[in-house]
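Visitor: Quick one: structure below, then a few questions.
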Amino acid sequence: MTAPLLEARGLRVTRIGDAGPLKVLDGADFTLERGEVVDVLGPSGSGKTTLLRALAWMLPDAEGELWLDGSAAAEIGARVWRTRVALAPQRTALFPGTVADNLLAPWRLKVRHDAAGPDSGALRRALDSVGLDDVALDRDAAKLSVGQAARVALVRVGLTRPDVLLLDEPDASLDGDSAAQVASAVARFAETGAVVRVRHQRPDGTATRRERLVAGRIHGVGDCE
Amino acid sequence: MSEAAGVVTIEWPQLLLAAGFMVVVGVISLRLALGLERDLALATARTYVQLFVLGLVLRWMFGIDSPWLVLAILVLMVAAAARTIVRRAPDAPKGMLGSSFVSMALTGFIVTFAVTGLVVQVEPWYRAQYVVPIAGMVLGNSMNGIALALERTFADLDARADELLALVALGASPWEAAAPSVRTALTAALIPTINSMAAAGVVFIPGMMTGQILAGADPMKASAYQIVVMLMVSAATALGSVLAVLLTYHRRFSASGVFIERGLRDDIATARAEE
């Protein structure tokens, strides 16, 4: 039996709420196979964002175990883990500079020092694939609309080719057409990797499985196929 | 230097006359309802008391002439400065007192003794008359620079919290994520120093030179002293700020390199306390 692509066991995160300590994640288990697009559902405040951050090894106080392709997280190391299990946070944050600067920012980090970044042709194709045909590579990132900036941020993380993409409300600020283009980009990504999405919108036919976060644990809602 | 030659001694009547002007300011404050009378009176009284006590302490120290006493006073000055720094950056992470103290002590001691030992060539090396005032200037200025640099670093990190989350998620190290904030903060901390160097002698006569001239020193000699002290003080401010920021910025990141944003701080502090 081969190991799942991503596996999390016993995730626990406690937050101080108005009514005392609150177990946002209470021993949550999660498994993800290559080719899957999993939507995580649940009301606001149920811990969906917390789950994504825990899976990305981005919550300092989260407890539990993480594996990727059969290797424990500790063997992989936090920074390399994040390049393979990549989180696109809910609030878009573009860096000062042009659109191209932003898309190439991951390759200016030491963790990718021996990898070559995409050329401008690849950047152009990636932008076109999510409906950003009218956005020039040398456009100042500060001048993008909210929806454009959100898609640039998604393209930025997608171009790094992680194994797993963790998308926190990827289409919250998009109109119908743009959301559909992002959804098909997600489906294309899942041909080689896997995606976990937190979404509030109606099902868009992209998810292969849906999970619900209730009382700090993950419950299957069922396959979508 | 013939310090005594042209010194005009200030007596009690003159000292009281100076306070007279503060009374005028107090009356204005009353008439304009600024509500500053109490603060003005208190500040004036403190100026009298603190500077007279300082005079007494310095006179006593000059009389004792002990290297240990001089070193002890310097350590006390550094400790007081480190405390001030921590109080001025309330948002900074815990445990900053130590790194502030180390940065102040390292740069302050090295620069002070470089001035007194290599430039002024004081004999013996610990002569309080030179070491203590120069240390005061070096520490006072680098304290302001360090406090500003630390406050700016942590304020800018908080302002960039979303960007830091995105950067760390892309695989950035704490240094790669924090570097823009560190640069902003160090620039902000060094600009006042650079400005005062650029304006010295044109816009204002620096305090130490003013004092020496009033005390009857030759203006050329006073200039030479002021140049040395100004460059050394600027160097101490720059080095102290860089050191303090480099020693502290990573305290805002977890062991796995995640920026601990405002919303997470209480939870993590509580979790650590319970362990």
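The values are calculated or read from the model by the stated rules, or taken from the named source; none is laboratory data. All values derive from a computational prediction rather than experimental measurement. Using ideal geometry, Cβ is built from the backbone for each residue, glycine included, and neighbour counts are taken over all protein chains shown.
Visitor: For the stretch A:118-146, enumerate the residues that are surrounded by 17 or more Cβ atoms within 10 Å (Cβ to Cβ) and free of Cβ contacts under 8 Å to residues at least 40 places away in the same chain.
Guide: Matches in the stretch A:118-146: A:LEU123, A:ARG124, A:ALA126, A:LEU127, A:LEU132, A:VAL135.
Visitor: Out of curiosity, is B:VAL7 modelled with pLDDT of 90 or more and of a type outside the set (Ser, Thr, Tyr)? Working first, answer last.
Guide: Working: modelled with pLDDT of 90 or more: no; of a type outside the set (Ser, Thr, Tyr): yes.
For B:VAL7, the condition - modelled with pLDDT of 90 or more and of a type outside the set (Ser, Thr, Tyr) - is not met.
Visitor: Take the conditions within 14 Å of chain A (Cβ to nearest Cβ), farther than 20 Å from B:GLU176 by Cβ and of a type in the set (Val, Ile, Thr) and apply them to B:ILE227. Does it pass? Write out each step before concluding.
Guide: On the way: within 14 Å of chain A (Cβ to nearest Cβ): no; farther than 20 Å from B:GLU176 by Cβ: yes; of a type in the set (Val, Ile, Thr): yes.
No, not satisfied.
Visitor: Can you tell me which residues in the stretch A:60-92 are part of a loop (DSSP other than H, G, I, E, B) and more than 7 Å from every other protein chain (Cβ to nearest Cβ)? Steps first, answer last, please.
Guide: To start, the set of residues in the stretch A:60-92 that are part of a loop (DSSP other than H, G, I, E, B) comprises A:60-62, A:69-70, A:77, A:89-92.
Residues satisfying the conditions are A:ALA62, A:ASP69, A:GLY70, A:GLY77, A:GLN90, A:THR92.
Visitor: What pairs come out if I take residues in the stretch B:214-234 that are within 16 Å of B:ILE134 (Cβ to Cβ) and pair them with residues that are of a type in the set (D, E, K, R) whose C-beta lies under 7 Å away, six or more apart or interchain?
Guide: The qualifying pairs are B:ALA215/B:GLU3; B:ALA217/B:GLU3.
Visitor: Quick test for you: out of A:ARG84, A:ARG79, A:ARG91, pick the one residue that is among the charged types (D, E, K, R), touching a strand residue (DSSP E or B) at 6+ places or on another chain (Cβ under 9 Å), under 27 Å from A:ARG217 (Cα atoms) and without any contact (Cβ under 8 Å) to a residue 40 or more places away in the chain.
Guide: Values: A:ARG84 fails: without any contact (Cβ under 8 Å) to a residue 40 or more places away in the chain; A:ARG79 fails: touching a strand residue (DSSP E or B) at 6+ places or on another chain (Cβ under 9 Å).
Residue meeting the stated conditions: A:ARG91.
Visitor: Kindly indicate whether B:VAL229 is surrounded by 16 or more Cβ atoms within 10 Å (Cβ to Cβ) and under 27 Å from B:GLN121 (Cα atoms). Don't jump to the end; show me each part of the working.
Guide: Details: surrounded by 16 or more Cβ atoms within 10 Å (Cβ to Cβ): yes; under 27 Å from B:GLN121 (Cα atoms): yes.
Considered against the rule, which asks whether it is surrounded by 16 or more Cβ atoms within 10 Å (Cβ to Cβ) and under 27 Å from B:GLN121 (Cα atoms), B:VAL229 comes out as yes.
Visitor: Here's something else I'd like to know. Does A:ASP128 satisfy the criteria of being away from every other protein chain (no Cβ under 14 Å) and part of a loop (DSSP other than H, G, I, E, B)? So that I can check it myself, show each step before the final result.
Guide: On the way: away from every other protein chain (no Cβ under 14 Å): yes; part of a loop (DSSP other than H, G, I, E, B): no.
Answer is no for this residue.
Visitor: Looking at (1) closer than 26 Å to B:PRO90 by Cα; (2) out of contact with any strand residue (DSSP E or B) (no Cβ under 8 Å at 6 or more places or on another chain), which one does B:ASP267 not meet, given that it meets all the others?
Guide: For B:ASP267, the exception is condition (2).
Visitor: Among the strands (runs of 3 or more DSSP E) confined wholly to the stretch A:134-225, which include 1 or more residues that are over 24 Å from A:VAL111 (Cβ atoms) and of a type in the set (Lys, Arg)?
Guide: Numbers: elements: A:164-168, A:194-198, A:209-214, A:217-223.
Where strands (runs of 3 or more DSSP E) fall fully within the stretch A:134-225 and carry at least 1 residues being over 24 Å from A:VAL111 (Cβ atoms) and of a type in the set (Lys, Arg), they are A:194-198, A:209-214, A:217-223.
Visitor: Regarding the stretch B:93-102, can at least one residue be identified that is in contact with a Lys or Arg (Cβ under 6 Å, 6 or more places away or on another chain) and either outside the structural domain of B:ALA222 (by TED's automatic domain parsing) or closer than 30 Å to B:LEU247 by Cα (or both)?
Guide: Kept after step one, since they are in contact with a Lys or Arg (Cβ under 6 Å, 6 or more places away or on another chain), are these residues of the stretch B:93-102: B:93.
Now narrow it down to the ones that are either outside the structural domain of B:ALA222 (by TED's automatic domain parsing) or closer than 30 Å to B:LEU247 by Cα (or both): B:93.
Yes; the residues of the stretch B:93-102 include at least one that is in contact with a Lys or Arg (Cβ under 6 Å, 6 or more places away or on another chain) and either outside the structural domain of B:ALA222 (by TED's automatic domain parsing) or closer than 30 Å to B:LEU247 by Cα (or both).
Visitor: Quick one: which of B:LEU247, B:LEU165, B:LEU243 is over 24 Å from B:VAL131 (Cβ atoms), away from chain A (no Cβ under 11 Å) and in contact (Cβ under 8 Å) with a residue 40 or more places away in the chain?
Guide: Working: B:LEU165 fails: away from chain A (no Cβ under 11 Å); B:LEU243 fails: over 24 Å from B:VAL131 (Cβ atoms).
Answer to the check: B:LEU247.
Visitor: Could you identify the single residue in B:ALA82, B:ALA89 that is closer than 18 Å to B:ASN141 by Cα, buried (at least 17 other Cβ atoms within 10 Å of the Cβ) and either at pLDDT below 90 or among the charged types (D, E, K, R) (or both)? First the steps, then the outcome.
Guide: Numbers: B:ALA82 fails: either at pLDDT below 90 or among the charged types (D, E, K, R) (or both).
When all the criteria are applied, what remains is B:ALA89.
For (1) assigned by TED's automatic domain parsing to the domain that holds B:GLY263; (2) among the charged types (D, E, K, R); (3) buried (at least 20 other Cβ atoms within 10 Å of the Cβ); (4) on the phi > 0 side of the Ramachandran plot, each residue gets a yes or a no:
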{"site": "B:LEU106", "(1), (2), (3), (4)": "yes, no, no, no"}
{"site": "B:ILE110", "(1), (2), (3), (4)": "yes, no, no, no"}
{"site": "B:VAL115", "(1), (2), (3), (4)": "yes, no, yes, no"}
{"site": "B:LEU118", "(1), (2), (3), (4)": "yes, no, no, no"}
{"site": "B:LEU148", "(1), (2), (3), (4)": "yes, no, yes, no"}
{"site": "B:ASP158", "(1), (2), (3), (4)": "yes, yes, no, no"}
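Visitor: Within the stretch A:3-47, can you find the residues that are of a type in the set (Gly, Ala, Ser), at negative phi and in a loop (DSSP other than H, G, I, E, B)? Before the answer, list the steps.
Guide: Start the filter on the stretch A:3-47 by keeping residues that are of a type in the set (Gly, Ala, Ser), which leaves A:3, A:8, A:10, A:17, A:19-20, A:27-28, A:35, A:42, A:44-47.
Cutting the leftovers down to at negative phi gives us A:3, A:8, A:17, A:19, A:28, A:44, A:46.
If the condition is that a residue be of a type in the set (Gly, Ala, Ser), at negative phi and in a loop (DSSP other than H, G, I, E, B), then A:ALA3, A:ALA19, A:SER44, A:SER46 are the ones that fit.
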